[in-house]
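The values are calculated or read from the model by the stated rules, or taken from the named source; none is laboratory data. Note that the coordinates shown come from a computational prediction; the quantities given were computed from them, not determined experimentally. Cβ: placed from backbone, ideal geometry, glycine included. Neighbour counts: every protein chain shown.
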Amino acid sequence: MIADSTPSSASAAPGSEGASSEARSGEPSPPPRFDPAMPGVAGVYNAFQGTEKDSLPAERAVAAELDELIGGGLDEARRENRAALARMVSHVARHRPKIRQWMDIGAGMPVPEGEKISNLSALVREIQPDRLWLNVDIAARPLVHGRALLDGDGVTTLKGDLRQLEQLLAEAERHLNLRKPVVVILGAVLHFLNDDEAARVIAVFRSRLAAGSVVIVTHATGDSFPPGVVEKVTSHYERRTRVQPYLRSGEQLAALLADCKPFKWHEPGSGPQELPLKKVPLTFEMLPDESSALADPSAPHARAAIAVLRGS
Ligand SMILES: C[S@@+](CC[C@H](N)C(=O)[O-])C[C@H]1O[C@@H](n2cnc3c(N)ncnc32)[C@H](O)[C@@H]1O
């Protein structure tokens with residue numbers, strides 16, 4: 001069995017050395033070191049909604065502890081995060097048909113069998129059969145499972161660290177033409193980077209990616225939590241996984257994306273609309289459909305944004 005103990009944040013054991021050896025040698029580097037007793041980010045996330053096959057006992061324990069700390073709802077948050085990502089990628093695939101290169105950074109594990117929403121790469125392939133797709137992750141299980149289950153048919157899985165973005169993009173360039181626009185997905189991963197690291201990610205995208213590239217973001221928030229709960233949740237998560245999450249507010253996220261243009265979305269019946277990025281909305285507010293109308297605003301939903309890079 002392969003587990004991962006290596007994801008993000010300055011507080012985590014670095015999981016990025018492998019990315020540089022991969023770039024140097026051109027060969028897929030071995031998965032990062034792992035310890036089955038150490039809960040990994042991808043497995044804890046899977047355990048929120050929990051199938052036993054896709055998480056370890058230690059990860060299910062952490063998920064239960066976090067759920068208790070915030071008063072429940074993490075299963076709903078994960079479900080809605082995935083649903084929002086699915087709505088956003090399908091929307092962008094349809095309305096930016098000329099962009100046919102996709103990069104999902106912090107892709108996580110392939111979705112468990114039987115989940116309602118399939119892998120994002122498969123959703124986009126239905127709209128763009130010739131799309132090219134890179135799945136990037138820092139941790140062992142997403143890489144091993146991704147390579148085994150998703151690679152082929154225009155999909156490649158790469159090891160990479162969002163905090164070492166130039167290196168990651170140099171490797172990505174062997175598969176995608178970065179002089180042309182790409183769609184980058186940052187699903188539930190930017191909140192593992194501190195403010196400087198997160199700001200740098202947006203700055204590097206702006207300087208390295210073609211203008212008109214699109215960034216799709218979902219991000220954990222503590223906006224609906226009672227006072228004190230954000231600190232409890234983040235310190236508990238860090239203690240158990242050695243990875244520090246940063247639960248940013250809608251305004252903080254908007255500030256992070258301030259240099260980007262808001263994406264025009266097309267509401268049925270009312271034509272294209274631009275979403276102001278003053279406050280990044282909650283996942284169920286982004287391109288809402290019938291299922292999101294049922295969402296409870298006080299549950300711990302993430303925030304979601306689609307931003308267009310202007311280029312530097
Ligand atoms: C919460 S999961 C999200 C999975 C998927 N994107 C989604 O939203 O459904 C976060 C993923 O990001 C990965 N990750 C964390 N820090 C990373 C980093 N610095 N670079 C690349 N991947 C990272 C983790 O290993 C994990 O698979």
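Within the range 145-166, work out how many residues are farther than 21 Å from E197 by Cα, away from the ligand (no atom under 12 Å from the Cβ) and of a type outside the set (K, R). Please lay out each step first, then the result.
Within the range 145-166, the subset farther than 21 Å from E197 by Cα is 145-157.
Among the residues that remain, those that are also away from the ligand (no atom under 12 Å from the Cβ) are: 147-156.
Those still in the list that are of a type outside the set (K, R) too: 148-156.
Total satisfying the criteria: 9.
Output the residues belonging to the range 288-308 that are under 20 Å from K264 (Cβ atoms) and either of a type in the set (D, E, K, R) or modelled with pLDDT under 85 (or both). Working first, answer last.
Kept after step one, since they are under 20 Å from K264 (Cβ atoms), are these residues of the range 288-308: 288-289, 292, 303-308.
Those that are under 20 Å from K264 (Cβ atoms) and either of a type in the set (D, E, K, R) or modelled with pLDDT under 85 (or both): P288, D289, S292, R303.
Quickly run through the range 206-220 and pick out the residues that are part of a loop (DSSP other than H, G, I, E, B) and either within 29 Å of R79 (Cα to Cα) or within 16 Å of the ligand (Cβ to nearest atom) (or both).
If we filter the range 206-220 for residues that are part of a loop (DSSP other than H, G, I, E, B), which is where we start, we get 209-213, 220.
S213, A220 - these are the residues of the range 206-220 that are part of a loop (DSSP other than H, G, I, E, B) and either within 29 Å of R79 (Cα to Cα) or within 16 Å of the ligand (Cβ to nearest atom) (or both).
Between a residue in the range 187-200 that is over 27 Å from V111 (Cβ atoms) and any residue that is at pLDDT 95 or above and more than 11 Å from the ligand (Cβ to nearest atom), which pairs come within a Cβ distance under 7 Å, given they are 6 or more apart or on different chains?
N194/Y246
Modelled with pLDDT of 95 or more and either of a type outside the set (F, W, Y) or on the phi > 0 side of the Ramachandran plot (or both), is that true of D161?
Details: modelled with pLDDT of 95 or more: yes; either of a type outside the set (F, W, Y) or on the phi > 0 side of the Ramachandran plot (or both): yes.
Yes, satisfied.
Among R206, R200, R147, which is surrounded by fewer than 24 Cβ atoms within 10 Å (Cβ to Cβ), among the basic types (K, R) and in contact with a Cys (Cβ under 9 Å, 6 or more places away or on another chain)? Outline the logic, then answer.
Working: R200 fails: in contact with a Cys (Cβ under 9 Å, 6 or more places away or on another chain); R147 fails: in contact with a Cys (Cβ under 9 Å, 6 or more places away or on another chain).
Selected residue: R206, the only one of R206, R200, R147 that is surrounded by fewer than 24 Cβ atoms within 10 Å (Cβ to Cβ), among the basic types (K, R) and in contact with a Cys (Cβ under 9 Å, 6 or more places away or on another chain).
List pairs: first in the range 74-99 and over 23 Å from A295 (Cα atoms), second of a type in the set (S, T, Y) and not in a helix (DSSP H, G or I), Cβ under 7 Å, 6+ apart or cross-chain?
none
Looking only at residues that are more than 13 Å from the ligand (Cβ to nearest atom) and in contact with a helix residue (DSSP H, G or I) (Cβ under 8 Å, 6 or more places away or on another chain) in the range 167-194, which one is nearest to R79 (Cα to Cα)? Even if it seems obvious, please write down each step before you answer.
Step one: of the range 167-194, the residues more than 13 Å from the ligand (Cβ to nearest atom) are 170, 173-183.
Still in the list and also in contact with a helix residue (DSSP H, G or I) (Cβ under 8 Å, 6 or more places away or on another chain): 170, 178, 183.
On the way: A170: 33, L178: 32, V183: 22 Å.
Of everything passing the filter in the range 167-194, V183 is nearest to R79 (Cα to Cα).
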